[in-house]
Amino acid sequence: MARDVAVAGVSLAAAYLLGGIPFALLVGKLLYHTDVRDHGSGNLGATNTLRVLGVGPGVFVLLLDAGKGAAAVLLARALLEASGAAAVFSPSWFLLLVTFAVMAGHVWSPYLRFAGGKGVAAAAGALLVVMPLVTLILVAVFAIVVALSGWVSLGSVVIAVLFPVVSFLVYSRDPASVALTVVAGALVVWRHRTNISRIIAGTEARIGMHGRKLR
């Protein structure tokens, strides 16, 4: 049992550390000599990277952030299966806990004095492994909302709210899993609280807009 707990702890720690890698900052500084925190919304994510540096860098950061989420879950799954801990820590909820750890790393990066982004892309990458059908449904909803409104932030908030509902309907009615999806969705909504205020005020930047800093 002690070994199983240790494996679980390593999996969660690795997910947090992977999630904390600030790819938006690294891509901006290393490839474009630009700190994206000083421009646009100041957020360390793919959307602000796209707004500040263009479509190519934005998509690159999106893939990197989603990739670190997927990598964290795949690593955790491999560790659980190799150690036999999967029999103790059911993947139905533990991999969701790993997903939350990835999000927490992105939001509170240990490499940036616990500052960071909003965790949507990292969570999407992790959930594509954990809950592929749920992820595809939410991505479709996200695309529709963004296409209609032009607001990436609104799309993120909508799918965060829908995440527990869709997960409950499609995959699991396990209380632990449901609780984790609620917490993860709430974290995304909370991280978008300033965006929500700007949407209500009509000042939120839409896709393709380049403008003043909106912190």
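Answer yes if at least one residue in region 83-92 is within 21 Å of V183 (Cβ to Cβ) and assigned to a loop (DSSP other than H, G, I, E, B), and no otherwise.
yes
Determine whether region 94-114 contains at least one residue that is aromatic (F, W, Y) and free of Cβ contacts under 8 Å to residues at least 24 places away in the same chain. Checking region 94-114: at least one residue is aromatic (F, W, Y) and free of Cβ contacts under 8 Å to residues at least 24 places away in the same chain.
Taking the criterion of being of a type in the set (A, V, I, L, M, F, W, C), under 8 Å from the mean Cα position of the chain (by Cα) and farther than 21 Å from A8 by Cβ, the residues of region 91-133 that qualify are V120, A121, A124. Candidates in region 11-45 are the residues that are at pLDDT 95 or above, farther than 25 Å from L79 by Cα and of a type in the set (G, A, S); of these, the one that is surrounded by the fewest Cβ atoms within 10 Å (Cβ to Cβ) is G28. Is it true that G42 is part of a loop (DSSP other than H, G, I, E, B), of a type in the set (G, A, S) and either farther than 24 Å from T194 by Cβ or in contact (Cβ under 8 Å) with a residue 24 or more places away in the chain (or both)? When the stated conditions are applied, G42 passes them. Can you find even one residue in region 51-67 that is of a type outside the set (D, E, K, R) and assigned to a loop (DSSP other than H, G, I, E, B)? Scanning region 51-67, I find at least one residue that is of a type outside the set (D, E, K, R) and assigned to a loop (DSSP other than H, G, I, E, B), so the answer is yes. For region 174-205, the set of residues classified as surrounded by 14 or more Cβ atoms within 10 Å (Cβ to Cβ) and outside any helix (DSSP H, G or I) consists of D174, H192, E204, A205, listed by residue number.
The values are calculated or read from the model by the stated rules, or taken from the named source; none is laboratory data. Predicted model, so just to flag it, every value in this text is computed and none were measured. Because the Cβ atoms are built from the backbone with ideal geometry, glycine has one as well, and the counts that use them run over all protein chains shown.
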